[in-house]
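Written below as structure tokens is the structure these notes are about.
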Amino acid sequence: MPKPKKSLEPNKINLKESFASLKFVPRFFKEIRKVNPLLFFANIASRILSAVIPLALLWVGKIIIDEVVVQIDAEVKDFSRLWIFVVAELGLAVL
């Protein structure tokens, strides 16, 4: 019985070839957009939103910490601004 051949040969693609293949991406996006433009743009928007949310969470967390530091040194404590940022961070976390 003959020895079976390997069906999965290791790819020998270098970095230059990988970057050269990026020239096909705009044409690919054009084809996908032709199929369903609304779904295409909704997908792009959701990907951008999911990329921005972690940054927004970090930024709001920094503002919360800054507000806590301000409230520690304040003689008259006013937590209304702090609670706004806490609710904003909770809203971002739920998204």
Notebook entry, point to check: For the chain, what are the DSSP H helices with axial Cα length of 24 Å or more and mean Kyte-Doolittle hydropathy of at least 0.5?
Noted result: 37-73
Notebook entry, point to check: So which trypsin sites (Lys or Arg not before Pro) in the stretch 62-95 pass both tests, a DSSP loop state and at most 14 other Cβ atoms within 10 Å of the Cβ?
Noted result: K77
Margin query: So if the hydrodynamic radius of the stretch 52-95 is defined as the Kirkwood radius over C-alpha pairs, what does Stokes-Einstein give as its diffusion coefficient at 25 °C and 0.890 mPa s, in µm² per second?
Written below: 227
Checklist line | Positive-end residue of L90, N43, G61, charge dipole of the chain with Cβ unit charges | finding: N43
Check: Fully extended, how many nm does the chain gain between L15 and A56 (0.36 nm per residue separation, minus their Cα-Cα distance)?
Finding: 11.4 nm
Checklist line | Candidates I48, I72, I84, ranked by Gaussian network fluctuation over the chain, Cα under 10 Å, top entry | finding: I72
Check: For the chain, what D do you get in µm² per second when you plug the Kirkwood radius from alpha-carbon pairs into Stokes-Einstein at 10 °C and 1.306 mPa s?
Finding: 85
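Values in this text are rule-based calculations from the coordinates and carry no lab data. Worth saying up front: this structure is predicted, and the values here are computed from it rather than measured. Because the Cβ atoms are built from the backbone with ideal geometry, glycine has one as well, and the counts that use them run over all protein chains shown.
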